[in-house]
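A.B. asks: Structure in structure tokens, see below.
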Amino acid sequence: MGQVKLPRISCYVLDFHIEPKSQYFSSKGVLTIKNDFSFEERNIPLLLHYGLSVKEIRHENNVGIKFTQEMISFPEYEELRVNYINICLDLTLKKNEELKLYIEYEGRLYGYSSVMRYVQDSISEEFSILRNDCIAYPIIAYPNYTSLMESCLKPIEYKISVSVPEEYTVGCGGILRNIESKANRKIFIYERSEPTILSHRFDICIAEYCLIRDEDMNLNIFASNKHKDAAETLVKYEVKRVYDYYTRMFGKYRENDYFTIIEVKEGYGSQAGDNYILMEEHAFNNNTDYTHLYHEIGHIWNPSVKLYHEQRSRFFDEAFASYFEVLAIKEFLGEEKAKEKMEEYRRQFIKNVNQNKKNFSIPICEYGRYEMGYNSYTKGPWLLYVLHEIVGDKKFFEIIRTFLNENKKKEVTFKDFEKSCEIISRLNLKKFFSQWLYGIESSSYLYEDFSVSVMVDMSL
């Protein structure tokens, strides 16, 4: 069932009602579904977390729609159980047609930590989070991993309202349009009126946050009260200086210039979305190492990727962000610290190889086919490091800046990047890319502890 072309949800308009004390939530609203393909569709598969049940699905004119729902496990991971909803339309959905469906569902979240350790999502009095990692809102996909991942590559728009008890604050990566007060509750309204570019999701975080604003940067920081001072000083300072540095180096990549940082509980994973990042608690400690923040903010400059297996390689997001982090470390902390970070990446790659030899023998271009994109955090930045050494500072930053800006509204491929590098550097880089991107000679360079100067000589 994987790699089957399905309609997509182009827009979510949902109202969430959160009850932290009872660890329960409900949601209702409209899904705009679009069929981009030439064949007609009559059955639409939806996924939700297994702790959620659908109460109703109907057309906007209140005509009910037949659907079934059943708890089912993914064939790849028995612990990844979902509520699989099959919607049976009366009329087929033709190419380029849109359909608006009203949906109402409710229940609890229990996470998927046995499959993905960071997905501990739940509704609780201390901290609540709803995100697509836990399938807290409907996703069009079949109940298998490939279909779910493909669905997460499709752009969305959204307008959501989140009702919470009055002592809570809601953080989200969209634009905060309004906060309403009603009957001992607060309703937060967030919107993204343009299609997502990098990360096709929305995340809802609920806690007793304080909201810190920086008007100059159009920055919102949602932090716990115990971290308010750090958020107002150190975090804000680090965000501003690394954002300014990347803008100087790579250009102003996004037009809608706002940014949000949301504190999440330790162990829930730092993540980057369009114009926002989720940051774990340790990032707000006064004596913390802020280099991981450099990584997450670097994701703002990631390009969109055209091919599914190339996107799943994680090269254009995690390799880029990992090397951007090194560049920021060099700028703020010095060259020795940057070299230490690169050696940390090397050690982790060698550790991965020692655990599984496939990490040595699979080239970066094939990571997505084998779900080995985690190596793009380690070997990926080494590709960019060696390229940087080959072409020099001036040409390297010109390559990245030009590649990103020329592809703001395009989806890129490995070949696009290779072409940009050769055109701008005016060098023949065929051997370099054959060894680092398409081949595995570079694995031996890292594993055998070659110096970067030797790697450069071997790659030309």
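The values are calculated or read from the model by the stated rules, or taken from the named source; none is laboratory data. Only a predicted model underlies this, so the values are computations on that prediction, with no experimental measurement involved. With ideal geometry, Cβ positions are generated from the backbone for all residues, glycine too; neighbour counts draw on all protein chains shown.
A.B. asks: Hey, can you tell me all the residues within the stretch 359-372 that are at pLDDT 95 or above, of a type outside the set (Ser, Thr, Tyr), assigned to a helix (DSSP H, G or I) and in contact with a helix residue (DSSP H, G or I) (Cβ under 7 Å, 6 or more places away or on another chain)?
C.D. replies: Those that are at pLDDT 95 or above, of a type outside the set (Ser, Thr, Tyr), assigned to a helix (DSSP H, G or I) and in contact with a helix residue (DSSP H, G or I) (Cβ under 7 Å, 6 or more places away or on another chain): 359, 360, 364, 365.
A.B. asks: Among the residues of the stretch 423-460, what is the count of those that are touching a Lys or Arg at 6+ places or on another chain (Cβ under 8 Å) and of a type in the set (Ser, Thr, Tyr)?
C.D. replies: Summing the residues that are touching a Lys or Arg at 6+ places or on another chain (Cβ under 8 Å) and of a type in the set (Ser, Thr, Tyr) in the stretch 423-460 gives 4.
A.B. asks: To continue, here is another question. Of the residues 188, 222, 202, only one is on the phi < 0 side of the Ramachandran plot, within 23 Å of the chain's Cα centre (by Cα), outside the structural domain of residue 136 (by TED's automatic domain parsing) and not aliphatic (A, V, I, L, M); which? Can you show your working first?
C.D. replies: Numbers: 188 fails: outside the structural domain of residue 136 (by TED's automatic domain parsing); 202 fails: outside the structural domain of residue 136 (by TED's automatic domain parsing).
One residue alone meets the criteria, 222.
A.B. asks: I've got another one for you. Residues of the stretch 60-79 being of a type outside the set (Val, Ile, Thr), out of contact with any Lys or Arg (no Cβ under 7 Å at 6 or more places or on another chain) and outside any loop (DSSP other than H, G, I, E, B), which ones?
C.D. replies: Residues satisfying the conditions are 66, 67, 69, 70.
A.B. asks: Restricting attention to the stretch 273-290, does a residue exist that is touching a Phe, Trp or Tyr at 6+ places or on another chain (Cβ under 9 Å) and without any contact (Cβ under 8 Å) to a residue 24 or more places away in the chain?
C.D. replies: Yes, that holds for at least one residue.
A.B. asks: Here is a follow-up. Identify, from the list 432, 396, 450, the residue that is outside any helix (DSSP H, G or I), of a type in the set (Phe, Trp, Tyr) and over 19 Å from residue 314 (Cβ atoms).
C.D. replies: 450
A.B. asks: Of 54, 82, which residue is of a type in the set (Val, Ile, Thr), under 30 Å from residue 125 (Cβ atoms), assigned to a strand (DSSP E or B) and under 24 Å from the mean Cα position of the chain (by Cα)?
C.D. replies: Values: 54 fails: under 24 Å from the mean Cα position of the chain (by Cα).
So the residue among 54, 82 that is of a type in the set (Val, Ile, Thr), under 30 Å from residue 125 (Cβ atoms), assigned to a strand (DSSP E or B) and under 24 Å from the mean Cα position of the chain (by Cα) is 82.
A.B. asks: Further question on the same structure: Residues to consider are 228, 236, 265, 252; find the one that is among the basic types (Lys, Arg), under 19 Å from the mean Cα position of the chain (by Cα) and not assigned by TED's automatic domain parsing to the domain that holds residue 326.
C.D. replies: After applying the criteria, what remains is 265.
A.B. asks: Can you find a residue that is surrounded by fewer than 18 Cβ atoms within 10 Å (Cβ to Cβ), in contact with a Pro (Cβ under 8 Å, 6 or more places away or on another chain) and of a type in the set (A, V, I, L, M) anywhere in the stretch 427-449?
C.D. replies: yes
A.B. asks: Could you say whether any residue in the stretch 242-253 is in a loop (DSSP other than H, G, I, E, B), surrounded by fewer than 15 Cβ atoms within 10 Å (Cβ to Cβ) and either of a type in the set (Val, Ile, Thr) or touching a helix residue (DSSP H, G or I) at 6+ places or on another chain (Cβ under 8 Å) (or both)? Talk me through it step by step, then tell me what you get.
C.D. replies: Here is the first cut: in the stretch 242-253, the residues in a loop (DSSP other than H, G, I, E, B) are 251-253.
Retained after the next criterion (residues that are surrounded by fewer than 15 Cβ atoms within 10 Å (Cβ to Cβ)): 252.
Retained after the next criterion (residues that are either of a type in the set (Val, Ile, Thr) or touching a helix residue (DSSP H, G or I) at 6+ places or on another chain (Cβ under 8 Å) (or both)): none.
There is no residue in the stretch 242-253 that is in a loop (DSSP other than H, G, I, E, B), surrounded by fewer than 15 Cβ atoms within 10 Å (Cβ to Cβ) and either of a type in the set (Val, Ile, Thr) or touching a helix residue (DSSP H, G or I) at 6+ places or on another chain (Cβ under 8 Å) (or both).
A.B. asks: Quick check: is even one residue across the stretch 108-123 within 19 Å of residue 8 (Cα to Cα), part of a loop (DSSP other than H, G, I, E, B) and at pLDDT 95 or above? So that I can check it myself, show each step before the final result.
C.D. replies: The first filter runs over the stretch 108-123 and keeps only residues within 19 Å of residue 8 (Cα to Cα), leaving none.
No.
A.B. asks: Output yes when any residue across the stretch 393-400 is under 25 Å from residue 338 (Cβ atoms) and touching a Pro at 6+ places or on another chain (Cβ under 9 Å), and no when none is.
C.D. replies: No, the stretch 393-400 contains no residue that is under 25 Å from residue 338 (Cβ atoms) and touching a Pro at 6+ places or on another chain (Cβ under 9 Å).
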